[in-house]
Amino acid sequence: MHIALTHNLKEKDSSKPADYFSEFDSLETINAIISAISRKGHKVSAVNVNGSDVFDYFKKNRVDMVFNIAEGKHGKFRESEIPAILDYFNIPYTGSNTFALALALNKALTKKILKAENIPTPNFQVFSRGSKELDPSLKFPLIVKPNFEGSAKGIDKKNVVQDREELFKVINEIISLYKQDVLVEEFIEGTELTVGILENGKCTVLPILEIDFSKCLNSGEYFYSWKMKEFQGNKEMGLVPEFHCPARLDKNTEALVNDTALRTHHAVGCFDISRTDIRLSKDGIPYVLEINPLPGLNPNESNFPLMAYAAGMKYEELIEAILMSASERNRLN
Ligand SMILES: Nc1ncnc2c1ncn2[C@@H]1O[C@H](COP(=O)(O)OP(=O)(O)O)[C@@H](O)[C@H]1O
Ligand SMILES: [Mg+2]
């Protein structure tokens, strides 16, 4: 088969804000995926969405399948841009469709669906420019996040606020910086978990990954903030989270967390792969923060491959499983 790998390549450009490239993929990731696909005997063409005319490429090159990890280019529906082009040309692709990708990028809308499905998610309110009324039922501390970002863009430790004054200060900062609605949620004290789902013949929940920030407290960071994600492992900065996979949970909690992630995957309508971020509260409730239908696939740094390794898979097997799941879906449709 001829497979195109659609992606946004991470570049160095100091004229852009520090977090501009955070969602994009490194050459290391691109090369690892290319090598895994090539080893199966396929021809692979890498298509960098930054700086190429993707529509024109697929008009001229009739590939058999696309391995899609692209974040897209602009705005609130950016992750759906490449799947929309591929749908237009009737080219099958790995991962979720336009609809699920746009939904998952809208954290607040996803949370409304989770609530309707009785899946726990922190209580929340959405703020637009100029909104001033705080829902009195929300309990401080609250966390303020841009509604349409990933990779913890715009999420700093000062986004956890203790009172109304701090809250509106951060809301206004984020609205002007990111030019989008802001999601305000109750901050859930507890354990950080992330749960990978891989449709590997059947929908499989990978071993749960627990991220423990207790060794990072000297740095002032205590959750998966942008700084923590961007510089994790940096000893001088004290950003040394500990990863436990499988997570240190009792059997009942593990089953509850697995079920919560699986229901989230289905509620949002994800395909092939997803990673659900959860905060397990001290009283054992798995609160879903968000679902990532395009989780990072860096073979050495990303959370999802870590979970696949804990399940006994090699990186190539993970990539192959994603491809197989997409091929099978395409064959049946
Ligand atoms: N309601 C919350 N309670 C506790 N921690 C949170 C909450 N929301 C976000 N966080 C922290 O911020 C991190 C990033 O938030 P998340 O909603 O997953 O955004 P992103 O899409 O940028 O990853 C989480 O992994 C978690 O550590
Ligand atoms: Mg997240």
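The values are calculated or read from the model by the stated rules, or taken from the named source; none is laboratory data. From a predicted model like this one, the values you see are computed outputs, not experimental measurements. Methodologically, a virtual Cβ is constructed for each residue, glycine included, from the backbone with ideal geometry; neighbour enumeration extends over all protein chains shown.
Some notes on this structure:
- Test: residue in region 161-179 that is in contact (Cβ under 8 Å) with a residue 24 or more places away in the chain, within 13 Å of ligand 2 (Cβ to nearest atom) and either closer than 20 Å to E71 by Cα or assigned by TED's automatic domain parsing to the domain that holds K229 (or both): no
- For region 55-72, the set of residues classified as within 23 Å of the chain's Cα centre (by Cα) and either part of a strand (DSSP E or B) or surrounded by fewer than 20 Cβ atoms within 10 Å (Cβ to Cβ) (or both) consists of M65, V66, F67, N68, listed by residue number.
- Residues of region 17-45 that are crowded, with 16+ Cβ neighbours inside 10 Å, outside any loop (DSSP other than H, G, I, E, B) and at pLDDT 95 or above: T29, I30, A32, I33, I34, A36, I37, V44.
- Selection status of V54, under 30 Å from P146 (Cβ atoms) and either assigned by TED's automatic domain parsing to the domain that holds D87 or of a type in the set (D, E) (or both): yes
- Residue in region 3-10 that is over 21 Å from the mean Cα position of the chain (by Cα), under 20 Å from M65 (Cα atoms) and not in a loop (DSSP other than H, G, I, E, B) present: yes
- Odd one out for A84, checked against (1) surrounded by fewer than 19 Cβ atoms within 10 Å (Cβ to Cβ); (2) among the hydrophobic types (A, V, I, L, M, F, W, C); (3) at pLDDT below 95: (3)
- All positions within region 76-99 that are on the phi > 0 side of the Ramachandran plot and touching a residue at least 40 places away in the same chain (Cβ under 8 Å): G95
- Of the criteria (1) away from ligand 2 (no atom under 16 Å from the Cβ); (2) among the small types (G, A, S); (3) buried (at least 18 other Cβ atoms within 10 Å of the Cβ); (4) touching a residue at least 60 places away in the same chain (Cβ under 8 Å), which one S219 fails: (4)
- Filter result for P293 (modelled with pLDDT of 95 or more, under 19 Å from the mean Cα position of the chain (by Cα) and more than 16 Å from L206 (Cα to Cα)): no
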